[in-house]
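Notes follow once the structure below has been shown.
The values are calculated or read from the model by the stated rules, or taken from the named source; none is laboratory data. Please read these numbers as outputs of a predicted model, since none were measured by experiment. Ideal geometry is used to build each Cβ from the backbone, glycine not excepted, and the neighbour counts take in all protein chains shown. Just so you know, the surface numbers come from the protein's heavy atoms only, side chains and all, with ligands and any DNA or RNA stripped out. Shrake-Rupley method; radii C 1.70, N 1.55, O 1.52, S 1.80 Å.
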Amino acid sequence: MKDRLIIFDTTMRDGEQSPGAAMTKAEKVRIAKALERLKVDVIEAGFPIASPGDFEAVQAVARAVRDVTVCGLARTGDADIDRAFEALKDAPSYRIHTFIATSPIHMQKKLKMAPDEVLEAAIRAVKRARNYTDNVEFSCEDSSRSEFDFLSRILEAVIDAGATTVNLPDTVGYGVPDQYGAFIGRLIENVPNSDKAVFSVHCHNDLGLAVGNSLAAVMHGARQVECTINGLGERAGNASLEEIVMAVRTRKDYFPCETRIETTEIMNCSRLVSTITGFPVQPNKAIVGANAFAHESGIHQDGVLKHRETYEIMRAQDVGLNSNRIVLGKLSGRNAFRTRLKELGTEFASEADLNDVFKRFKDLADRKSEIYDEDLQALVSDTDVSVSNERIKLVSLRCRTETGETPVADLMLAIDGEERSASATGDGPVDAAYKAVEQVMASGANLQLYSVNAITTGTDSQGEVTVRLERAGRIVNGQGADTDIIVASVKAYLNALNKILFPVHREHPQVAGV
Ligand code: KIV
Ligand code: ZN
């Protein structure tokens, strides 16, 4: 019997800390359901004290899932821990995750606390969390730059206080595999009560080593890995869940443990997270990139055709990659539509919600004869956006382009229900449409990224547009999908403008505080 490697997904907490990746409550519930089907062991759904919206999102996830433990992050202060409990308490199984920084630089410069004060805060927090649940995780932030003896002391103390998982984050992505793996192994050996807790790792990817470091730690006894779908996360991201899982599975001859992940759900989760956050997956990304299973060179194609394993160590089907399947069309009824979306993880709270999305589906099917899973996912995302607090809405758009003529866009927006129109010319139709939006909104935001992706293959595919806007140092992403890419572009721009012009205040867990 191999040991179980616990997969702790933090896409909705650490992943959400990427600039522009904030998720709504409805989006978090969709992702949580997809993660439940993926069979992750723990979902870290957010940081409940960060804002009322974060609290509600964690609570909604706690109420929406059955077969997975839901976790909420808390600093060591009483208010954080109580708030996490309040958000989580309706989940069938929940965990409170509390943390404090333990490296000299963080303790001195950020927390302005002496090591003994940090130790005391950690013990107190774990004890408080234990009053609410017997599933408590404690993390030593910046552990890879912390002093070994102090770490050993604090780990022993929090395990004594009741922590059932102790996590050693490589917060700044400083570790290298041999050294980080050995460091975890030495801690497990050195902490007298280490057998009373699961040792966990949480690696950031600043040097591109997050997966390597996590796997090295697994070889030295770590039995929980914290990771994210598509490697989303602060700065260069976190260890990518799909890479960890497929490495352990593909090299079962090497790793002493196994996960319970349903790998055929990987692609679905990857697409969902990409669509919701607007962070595209690079084509050559391991496991989930568009080229991960594509064989371009003649020699490779020939080899794969003769015998798949000449060049393939995993099967595309094992990660859930089916070549685009037509799932629905113009004549599909509500039942088929509801059933397919349920299979993809979306259930409707009411008949009215179903009717609303079904109407959009029919509109799309009128314009596009073949509807794929990816189209349905984009449709639901678009609906989430349109039912959330969108104060600026697109009412109508007309673009004129002709060879040799300057493109013109005429557009009407509704701002809090009040209609306003504008007309502008530009270098191309998208440029003209964006100028018309700016004539109305005068946001002054800087467009940092504009990218178009075909959701499926074929010229009838919906275009999915992602934009990134910056304003006064704040960065947000916006997405929009439509068969008309100019409309998709305007939807994406408005989605980002809604976020940047009407921000919600949130605390960042790692900026300050105890
Ligand atoms: O990277 C980190 O240290 C974290 C902790 C809050 C667990 O995300
Ligand atoms: Zn982190």
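Just wondering, is there one or more residues in segment 496-509 that are in contact (Cβ under 8 Å) with a residue 12 or more places away in the chain and under 21 Å from ARG360 (Cα atoms)? Within segment 496-509, not a single residue is in contact (Cβ under 8 Å) with a residue 12 or more places away in the chain and under 21 Å from ARG360 (Cα atoms). Restricting attention to segment 218-240, and to residues there that are small (Gly, Ala, Ser) and within 13 Å of ligand 1 (Cβ to nearest atom), which single residue is most open to solvent (accessible area, probe 1.4 Å)? Of everything passing the filter in segment 218-240, ALA236 is most open to solvent (accessible area, probe 1.4 Å).
Could you grab me the full set of residues in segment 260-284 that are touching a strand residue (DSSP E or B) at 6+ places or on another chain (Cβ under 8 Å) and open to solvent by 10 Å² or more (accessible area, probe 1.4 Å)? Matches in segment 260-284: ARG260, ILE261, THR275, PHE279, PRO280.
So that you can scan it fast, the table gives a plain yes or no per residue for (1) away from ligand 1 (no atom under 14 Å from the Cβ); (2) in contact with an Asp or Glu (Cβ under 6 Å, 6 or more places away or on another chain):
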position: MET1; (1), (2): yes, no
position: PHE8; (1), (2): no, yes
position: ARG13; (1), (2): no, yes
position: GLN17; (1), (2): no, yes
position: ARG30; (1), (2): yes, no
position: ALA34; (1), (2): yes, no
position: ARG37; (1), (2): yes, yes
position: VAL40; (1), (2): yes, yes
position: GLU44; (1), (2): no, no
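What about GLY513, is it away from ligand 1 (no atom under 16 Å from the Cβ) and either assigned to a strand (DSSP E or B) or open to solvent by 20 Å² or more (accessible area, probe 1.4 Å) (or both)? Spelling it out, it is not the case that GLY513 is away from ligand 1 (no atom under 16 Å from the Cβ) and either assigned to a strand (DSSP E or B) or open to solvent by 20 Å² or more (accessible area, probe 1.4 Å) (or both). On the basis of being free of Cβ contacts under 8 Å to residues at least 40 places away in the same chain, on the phi > 0 side of the Ramachandran plot, open to solvent by 80 Å² or more (accessible area, probe 1.4 Å) and charged (D, E, K, R), does ASP416 make the cut? It is true that ASP416 is free of Cβ contacts under 8 Å to residues at least 40 places away in the same chain, on the phi > 0 side of the Ramachandran plot, open to solvent by 80 Å² or more (accessible area, probe 1.4 Å) and charged (D, E, K, R). Anything in segment 1-19 that is over 11 Å from the mean Cα position of the chain (by Cα) and either within 16 Å of ligand 2 (Cβ to nearest atom) or touching a residue at least 24 places away in the same chain (Cβ under 8 Å) (or both)? List them, or say none. Hits for segment 1-19 are LYS2, ASP3, ARG4, LEU5, ILE6, ILE7, PHE8, PRO19. The set of residues in segment 103-146 that are among the aliphatic types (A, V, I, L, M), within 15 Å of ligand 1 (Cβ to nearest atom) and part of a helix (DSSP H, G or I) comprises ILE105, MET107, LEU111, VAL118, ALA121, ALA122, ALA125, VAL126, ALA129. Within segment 97-116, the set of residues being of a type outside the set (A, V, I, L, M) and open to solvent by 10 Å² or more (accessible area, probe 1.4 Å) comprises PHE99, PRO104, HIS106, GLN108, LYS109, LYS110, LYS112, PRO115, ASP116.
Looking only at segment 153-205, count how many residues are part of a loop (DSSP other than H, G, I, E, B) and either hydroxyl-bearing (Ser, Thr, Tyr) or more than 16 Å from ligand 2 (Cβ to nearest atom) (or both). Residues in segment 153-205 being part of a loop (DSSP other than H, G, I, E, B) and either hydroxyl-bearing (Ser, Thr, Tyr) or more than 16 Å from ligand 2 (Cβ to nearest atom) (or both): 10 in total. When the residues of segment 44-83 are narrowed to those that are assigned to a loop (DSSP other than H, G, I, E, B) and not small (Gly, Ala, Ser), which ends up nearest to the chain's Cα centre (by Cα)? Result: PHE47. Let me confirm something: among THR346, THR406, which residue is modelled with pLDDT under 85 and either in contact with a strand residue (DSSP E or B) (Cβ under 9 Å, 6 or more places away or on another chain) or open to solvent by less than 20 Å² (accessible area, probe 1.4 Å) (or both)? Within the list THR346, THR406, the selection yields THR346. Tell me whether segment 117-128 contains one or more residues that are over 24 Å from GLY185 (Cβ atoms), open to solvent by 20 Å² or more (accessible area, probe 1.4 Å) and under 28 Å from the mean Cα position of the chain (by Cα). No. Can you spot a residue in segment 267-274 that is assigned by TED's automatic domain parsing to the domain that holds ASP41, of a type in the set (Ser, Thr, Tyr) and touching a residue at least 60 places away in the same chain (Cβ under 8 Å)? Looking for residues that are assigned by TED's automatic domain parsing to the domain that holds ASP41, of a type in the set (Ser, Thr, Tyr) and touching a residue at least 60 places away in the same chain (Cβ under 8 Å), one finds none in segment 267-274, hence no. One residue stands out among those in segment 149-176 that are open to solvent by 40 Å² or more (accessible area, probe 1.4 Å) and farther than 21 Å from THR133 by Cβ: the one that is nearest to ligand 1 (Cβ to nearest atom), which is VAL172.
Looking at ALA454, ALA445, ALA432, ALA481, which one is under 28 Å from ALA365 (Cβ atoms) and either open to solvent by less than 60 Å² (accessible area, probe 1.4 Å) or touching a residue at least 60 places away in the same chain (Cβ under 8 Å) (or both)? Every option except ALA481 fails the conditions. The one condition from (1) within 16 Å of ligand 1 (Cβ to nearest atom); (2) of a type in the set (Phe, Trp, Tyr); (3) open to solvent by 20 Å² or more (accessible area, probe 1.4 Å) that TYR94 does not meet is (1). The set of residues in segment 206-233 being in a strand (DSSP E or B) and away from ligand 2 (no atom under 13 Å from the Cβ) consists of GLN224 alone.
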